[in-house]
Amino acid sequence: MKRREFLGLIGGAALAVPRAAGAQTPGRIYHLGTLHPSLPLTDGSPFGKIIVKALAERGYILGQNLTFDARGAMGDVTRLPALLEELKARNVDAIIVIGYPAAVAAKSTGIPTVGAIGLGDPVETRLIDSLAHPGGNITGISDVAAVLTTKRLSLLQEMSPRLQKVAMIWNKDDLGMTLRYEASAKGAQALGVTVQALGVREPDDFNEAFTVMNGDMPDAILMVADSLTTLNRRRVFEFAAAKKLPAIYEYENLARDGGLMSYGPDLTESFERAAALVDRIFKGASPADLPFEQPTRYLFVLNLKTAKSMGLEIPKTLLALADEVIE
């Protein structure tokens with residue numbers, strides 16, 4: 001097993017911003033909410049545990065001076081506003097959200113909000129005024145889709161040197177992910193790779209996407225991750241396996257769950273830094289004044305077990321690049 005650290009464009013510059021003045025108020029209980037477009041991000045879930053641990057290191061102890069209220073829309077984003085009202089009624093001091101739909105729903109509530117992952121480009125979607133000065137009630141972690149796509153495509157090319165056409169699957173009802181797809185498509189075209197655009201809006205649309213690919217088979221698949229595509233991930237895994245198509249995903253948990261490979265931000269770091277932003281909000285900082293941050297660590301995860309089941313031979317050069325190999 002190997003692990004390397006890749007620097008983001010901004011690197012760790014955002015981490016150098018001084019911490020908000022002030023400290024915990026003795027006797028006060030801090031209330032944190034989380035909002036996920038699918039399953040609730042509870043304190044016992046893998047990423048919830050990361051948040052709780054990071055806050056504990058800063059003096060917030062669950063059951064003592066910290067409460068944790070989790071809400072999940074179970075794939076129905078129309079439920080997000082009602083779930084936010086529930087959290088508002090619980091008088092949460094801050095919420096951690098996953099994905100653009102949850103973030104845009106939180107924008108109108110006034111609740112201090114931290115986006116951990118999946119927000120896309122928050123400036124392009126007009127969630128915020130600028131990365132340096134968000135100007136509203138939302139801050140968090142951003143990413144650079146075009147740069148990441150170049151890396152993902154280069155990994156696909158290592159796997160398939162004759163790569164000419166890549167199918168991109170994304171949720172076209174999600175503005176954040178649509179813009180991320182568009183940035184990814186431009187990156188692919190700049191490398192001379194043809195893009196087969198497969199936008200989906202609901203689970204049944206995946207059948208149509210598979211039909212399109214069957215009629216005009218791509219050389220590989222790139223799936224843009226949001227709640228819809230993630231909830232239907234196994235269908236994509238199975239199609240890719242049946243057609244022996246190399247596929248790359250955006251987050252490490254998708255490769256660990258059966259996808260061939262992934263390249264994206266280290267999710268542990270993302271949730272730790274989200275917790276650090278919550279700490280600053282608890283201490284009195286306003287999200288309007290907390291710059292958006294970019295990940296500093298990126299992981300390439302390769303599922304050798306999946307590759308073997310597909311009959312794919314992994315080039316040694318690709319194995320050497322992997323931060324984590326699942327066998």
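The values are calculated or read from the model by the stated rules, or taken from the named source; none is laboratory data. The model shown is predicted, which means the values in this text are computed figures rather than measured ones. Glycine also receives a Cβ, built like all others from the backbone with ideal geometry; neighbour counts cover every protein chain displayed. Ligands, DNA and RNA are excluded from the accessible area calculation, which covers all protein heavy atoms including side chains. Shrake-Rupley method; radii C 1.70, N 1.55, O 1.52, S 1.80 Å.
Nearest 10 degrees is fine. How inclined is helix 175-190 to the longest principal axis of the chain, computing both from alpha carbons?
40 degrees
If packing is taken as the average count of other Cβ atoms within 10 Å, what order do 175-181, 129-135, 230-236 fall into, highest mean first?
175-181, 230-236, 129-135
How many Å² of accessible area per residue for the chain, probe 1.4 Å? Walk me through the numbers before you get to the answer.
Working: 13920 Å² over 327 residues.
On a per-residue basis, 43 Å².
Net charge around VAL92, counting only other residues with Cβ within less than 11 Å of its Cβ (Lys, Arg = +1; Asp, Glu = -1)? Provide the component values of the computation, followed by the final result.
On the way: positive: ARG71, LYS88, ARG90; negative: ASP69, GLU86, ASP93.
Combined, the nearby Lys, Arg, Asp and Glu give 0.
Please state the charge dipole magnitude for the stretch 30-79, taken about the Cα centre, from unit charges on C-beta atoms (+1 on K and R, -1 on D and E), reported in debye and rounded to the nearest 20. Walk me through the numbers on the way to the answer.
Details: 5 positive and 4 negative charges, 12 e Å.
Charge dipole of the stretch 30-79: 60 debye, to the nearest 20.
Rounded, prolate or oblate: which fits the stretch 12-133, taking a ≥ b ≥ c as square roots of the Cα gyration tensor eigenvalues, rounded meaning a/c under 1.5, else prolate when a/b beats b/c? All intermediate terms of the calculation are to be shown ahead of the outcome.
Details: a/c = 1.63, a/b = 1.14, b/c = 1.43.
Judged from the Cα gyration tensor, the stretch 12-133 comes out oblate (a/c at least 1.5, b/c at or above a/b).
Enter the Cα centre distance for the pair the stretch 252-290 and the stretch 47-116, rounded to the nearest angstrom.
Rounded to whole Å, the Cα centres lie 13 Å apart.
Using a 1.4 Å probe over the heavy atoms of the protein chains, calculate the carbon and sulfur portion of the accessible area of the chain as a whole percent.
Values: 7320 of 13920 Å².
Result for the chain: 53 percent of the exposed heavy-atom area is carbon or sulfur.
For GLN64 and THR268, what does the FRET efficiency come to when R0 = 25 Å and r is the distance between their Cβ atoms, rounded to the nearest 0.05? Before the final figure, lay out each step's value.
Details: r = 24 Å, r/R0 = 0.97.
Plugging the Cβ-Cβ distance into 1/(1 + (r/R0)^6) gives 0.55.
At what distance in nm do the modelled label points of THR211 and ALA190 sit from each other, each positioned 7 Å from its Cα along Cα→Cβ?
Placing both labels 7 Å beyond Cα along the Cβ direction yields 3.6 nm.
What FRET efficiency, computed as 1/(1 + (r/R0)^6) with R0 = 41 Å and r the Cβ-Cβ distance, is obtained for ARG90 and SER309, rounded to the nearest 0.05? If you can, show how the numbers build up before the last one.
Working: r = 45 Å, r/R0 = 1.10.
After rounding, the FRET efficiency stands at 0.35.
With label points built 7 Å along Cα→Cβ from the Cα atoms of LYS151 and LEU39, find their separation and express it in nm.
It works out to 2.6 nm between the two label points.
Using per-residue counts of other Cβ atoms within 10 Å, averaged over each peptide, order 217-229, 265-277, 69-81 from highest down. Display every interim value, and only then the final one.
Working: 217-229: 23.5, 265-277: 21.5, 69-81: 17.7.
By packing density, highest mean first, the sequence is 217-229, 265-277, 69-81.
Which one of SER309, PHE292, ALA320 has its Cα pushed farthest toward the positive end of the charge dipole of the stretch 274-320, where Lys and Arg give +1 and Asp and Glu give -1 at the Cβ?
Positive-end residue among those listed: SER309.
Sorted by average packing, counted as other Cβ atoms within 10 angstrom per residue and highest first, what order do 294-303, 240-249 take? Can you show the working numbers first?
Details: 294-303: 22.6, 240-249: 20.5.
Per-residue mean Cβ counts within 10 Å order the peptides as 294-303, 240-249.
Once you have the Cα-Cα distance between ALA82 and LEU319, take 0.36 nm times their residue separation minus that, and quote the gain in nm to one decimal.
Working: separation 237, 0.36 × 237 = 85.32 nm, distance 4.60 nm.
Computed gain between ALA82 and LEU319 is 80.7 nm.
Once you put a point 7 Å from the Cα of ILE29 and another 7 Å from the Cα of ALA242, both along the Cβ direction, what distance in nm separates them?
Each label point lies 7 Å from its Cα, and together they span 5.2 nm.
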